[in-house]
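J.: Okay, here's the structure, questions in a sec.
Since every read-out is calculated from the coordinates, none of them should be taken as a lab result. Keep in mind that what you see is a predicted model, and the values were worked out from it rather than measured. Quick reminder, even Gly has a Cβ in these numbers, built from the backbone with ideal geometry, and neighbours come from all protein chains shown.
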Amino acid sequence: MEDIEIARNTKLKKITEIAEKLNIQEEQLEQYGKFKAKISPEVYKELKNKKDGKLILVTAINPTPLGEGKTTMAIGLADGLRKIGKKAVLALREPSLGPVFGIKGGATGGGHSQIAPMEDINLHFTGDIHAITSANNLLSAMIDNHIYFGNELEFDRVVWKRCVDLNDRQLRTVNTGLSQEKNIVPRMDGFDISVASEIMAIFCLATDINDLKRRIGNIIVGYTKDNKPITAKDLKADGAMTVFLKDAINPNLVQSLEQTPAIVHGGPFANIAHGCNSVIATKLALKLGEYVITEAGFGADLGAEKFLDIKCRKANLKPDAIVCVATIKALKYHGGMPKEDIKNESVEYLAKGFENLERHVDNLKNNYGLNVIVAINKYTHDTENEIKFLQNKLQEKGINLSLVESWEKGGEGAEVFPAARQIYRGVAGKAARREGNRPPQHLCPHDFHNNRAGLCTQGKEAACTH
């Protein structure tokens, strides 16, 4: 069956029942129908002093056209942890309508490892991204309105763009103000996709509504002739923009097809911003669960590094384990194997592509000092020789390998090839506790602009392998 058929044929529990698993009361929810809800900020306030659960980041090798399945893996691992009796919670990003209607498609997992209601989450969900779009475009309107009514702040150059949550490249650069009305100032403008907006990025780094307002106020929207920055606060736009986001700031609760609680909130692009769900959602999940499975966009050299260098640093977080996802077909593709031959066995191409995985693992383990587990999304055409080769190569590096069939079997697939148990041992074992006691290590320094050259020598070679 296709993903959508599997999702539609799965009976979901009411969201109040999912909330009960997390000891969240019905009055602490704002329900959006039977299967979606927003969680009141009062829940985190009540649990603020509770010890955090274990944080597990799911990342991947460099992306390929063949797909690696980070979200599917994250959901399968959370379902698998639940099956072995662990209180697992998912903390994921919201899908953008651009990729949903583009080549990439939806972002709710696949097969039997999905979050649901799949169609709702992939489309308008609870309106968070629409609210971010409106806040962004309100700021644009206020800029042009200010210029129209005399330009008291002396805008000479506007750097703020409008946004729309679609892949509409025709709008990337546009001429505006062509109505020939008196005082209208024509200028070049453009539209970003909403999830690439600075509003989305700071929305996901904010710790509460007041912090969000402060961050919005600091947005630079333009410059004077003397190159003096003009901010949203200078325009007195920060309050109105924050009001647009008053409901969006609260995390969303949904469920996997196996009824694992999933907090889905925020979704900045990893190539533009930091590619992680909101700090608010992650911190809440850590209070609600023993194990929190989250993910970061793109490969480990992009999303995971931004997760570690930006989100973790700003939010004072440190993952207890990193799961690096790969597929044998993607590794063969990195090794130069033609796409049309990818289902054929080839240890030779696999050996060449292994360099990509090896570099990512080395970067996470040695540069960041983290506990790394490699998870292979298993396909029916993967051969025993190829699997054995990977196991031996990783064993030489002291890295655990888990074979996962969560697409086909859901949490059962993560349990049969005991990925969930291996994750549990990896997080709870002596080595993990030893790593957990170390202070966080970062590649990206605070003073990024003066240290860019140094970054190019660390952790970036993986993208250069074929």
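J.: Relative contact order (percent) for segment 52-114, with alpha-carbon contacts under 8 angstrom and 6 or more residues of separation?
T.: 33 percent
J.: Per the helix-only calculation at 222 nm, which mean residue ellipticity applies to the chain, given -39500 (n - 2.57) for every DSSP H run of n ≥ 4 and division by its residues, nearest 500 deg cm²/dmol?
T.: When only DSSP H runs of four or more count, the value is -10000 deg cm²/dmol.
J.: Quick check on my link table: of K311/K332; K365/K388; K306/K397; K246/K311, which ones sit more than 28 Å apart, alpha carbon to alpha carbon?
T.: In this structure, K311/K332 lie more than 28 Å apart at Cα.
J.: Work out from phi, with θ = phi - 60° and the Karplus expression 6.51 cos²θ - 1.76 cosθ + 1.60, the ³J(HN,Hα) of each residue of segment 121-130, listed in order in whole Hz, and give x for Gly and Pro.
T.: 5, 6, 9, 8, 6, 9, x, 4, 5, 5
J.: Each residue of segment 274-285 in turn: what ³J(HN,Hα) in whole Hz from Karplus with 6.51, -1.76, 1.60 and θ = phi - 60°, glycine and Pro shown as x?
T.: 9, x, 10, 5, 6, 4, 4, 5, 5, 5, 5, 4
J.: Let me ask another. Please enumerate, by chain and number, the aspartates and glutamates with C-alpha under 19 Å from the C-alpha of K45, excluding those fewer than 8 residues away in the same chain.
T.: The qualifying aspartates and glutamates are E20, E26, E27, E30, D208, D211, D247, E290.
J.: Just tell me which aspartates and glutamates come within less than 12 Å, Cα to Cα, of K378; anything on the same chain fewer than 8 places away is out.
T.: E68, E386, E405, E408
J.: Which of the GluC sites (Glu not before Pro) across segment 197-303 are loop residues per DSSP, with 16 or fewer other Cβ within 10 Å?
T.: none
J.: Among the listed pairs K38/K233; K36/K287; K161/K213; K14/K54, give every one whose C-alpha distance is greater than 23 Å.
T.: Correct reply: K38/K233; K14/K54.
J.: Further question on the same structure: Exactly which GluC sites (Glu not before Pro) in segment 90-183 are in a DSSP loop and have at most 10 other Cβ atoms within 10 Å?
T.: E152, E181
J.: With an 8 Å cut-off on Cα pairs and a minimum separation of 6 or more residues, tell me the relative contact order of the chain in percent.
T.: 23 percent
J.: Taking the Cα centre of segment 1-104 as the origin, how large is its charge dipole in debye, to the nearest 20, when only Lys and Arg (+1) and Asp and Glu (-1) carry charge on their Cβ atoms?
T.: Roughly 340 debye, rounded to the nearest 20.
J.: Within the chain, which is the longest segment that contains none of the trypsin sites (Lys or Arg not before Pro) sitting in a DSSP loop with at most 10 other Cβ atoms within 10 Å?
T.: Longest run free of exposed loop sites: 226-466.
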